[in-house]
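The values are calculated or read from the model by the stated rules, or taken from the named source; none is laboratory data. Quick caveat: nothing in here was measured; it's all calculated off a predicted structure. Cβ placement follows ideal geometry from the backbone for every residue including glycine, while neighbour counts extend to all protein chains displayed. SASA here: full protein model, heavy atoms, side chains in, ligands and nucleic acids out. Shrake-Rupley method; radii C 1.70, N 1.55, O 1.52, S 1.80 Å.
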Amino acid sequence: MPGSSQRKGAIRKKPRGNPTAGSGGRVRRGLEGKGPTPKAVDRTKHPAHKRAKAKERAEKRGSRRPDRKDEATVEWVYGRNPVVEALRAGVPVSALYVAEGTERDARLREALLIATEHGIALLEVPRTELDRLTSHGAHQGLAVQIPPYEYAHPDDLLSRAHDAGQVPLIVALDGVTDPRNLGAITRSAAAFGAHGVLVPERRTASMTASAWKTSAGAAARIPVARATNLNRALKSYKDAGLMIIGLDMGGEVELPDLDAATEPIVLVVGSEGKGLARLVRENCDLIVSIPMTTATESLNAGIATGVALYEISRRRG
């Protein structure tokens, strides 16, 4: 009907010339792009960014008290006498912890003095916190934190000899599980001109606080390397021209008759109880023994290595 509204459901036609609503520039801006892609390290969800942030946090942490995740990677020495002995021996301590209210005595004063002289962080913590950190050990209000030892690579020992222009002499340990023996061997290696000590990753002593103390500071002067596979490392040394000499009872040659002492050598030392493992023994070019007046006697690994290194050093002049 004339004058009535358009029927419901009918399609209304837009009159010609009627302007339509534009996009407001949204389409154009969407086609322009967002500029160059940020670097991986700048993208918050990228692994490179997370690694960079983790490194930055580690650098800032410095000598602060470690968080709970870090505590599994450090070693603790606690008790007044062990702490003072570790500090005297030059064990690389990163922090000295003192429980609140701890009674002052001569040992505590000496520990504080050594820590101050060497720039070691001093931290006073509640006794309950020190109980937790030392797994409720008898800390007597005093403990030190020791960071993990930084092992060298087996190739570094050979490079050290070449850089010094010297005939290589390396000590390798097979099955030596007592950290005190490792410390004593490291001390002898430093004293008699060896270029480093090699230990396997598994079933062997590690450079703990006990090994550091027994080495009497030598562990700071001579590198200790760690090999994933000892036999593979020995073969690598052999390919480099070194002679692999095993130190064991019932050897083919007695130590005083070792003419090869002046050659490039890897001296392999086994455990006191089991000696050299079968595969390690097979990789040796020669087995040498230390002559003793009584066949039933034996020397522990630390003493035997010291004797052998002395003889090698003497023959090298």
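Before moving on, here are some points about what is shown:
- Per-region count, the range 223-238, residues surrounded by fewer than 15 Cβ atoms within 10 Å (Cβ to Cβ) and more than 15 Å from residue 284 (Cβ to Cβ): 2
- Among the residues examined, residue 250 qualifies as at pLDDT below 95, closer than 16 Å to residue 289 by Cβ and not in a strand (DSSP E or B).
- Flag for residue 220 being of a type in the set (A, V, I, L, M), modelled with pLDDT under 95 and open to solvent by 20 Å² or more (accessible area, probe 1.4 Å): yes
- Unmet criterion (only one of (1) without any contact (Cβ under 8 Å) to a residue 40 or more places away in the chain; (2) open to solvent by less than 30 Å² (accessible area, probe 1.4 Å); (3) among the aliphatic types (A, V, I, L, M)) for residue 253: (2)
- For the range 291-313, the tally of residues that are assigned to a loop (DSSP other than H, G, I, E, B) and small (Gly, Ala, Ser) stands at 2.
- Flag for residue 188 being at pLDDT 85 or above, within 26 Å of residue 148 (Cα to Cα) and among the hydroxyl-bearing types (Ser, Thr, Tyr): yes
- Listed by first and then second residue, the pairs linking a residue in the range 197-211 that is at negative phi and in a loop (DSSP other than H, G, I, E, B) to a residue that is at pLDDT 90 or above and of a type in the set (Asp, Glu), with Cβ atoms under 6 Å apart and 6 or more places separating them unless they lie on different chains, are 205/178.
- Residue list for the range 258-290, restricted to those being at pLDDT 90 or above and either over 27 Å from residue 167 (Cα atoms) or assigned to a loop (DSSP other than H, G, I, E, B) (or both): 258, 263, 264, 276, 277, 278, 284, 285, 290
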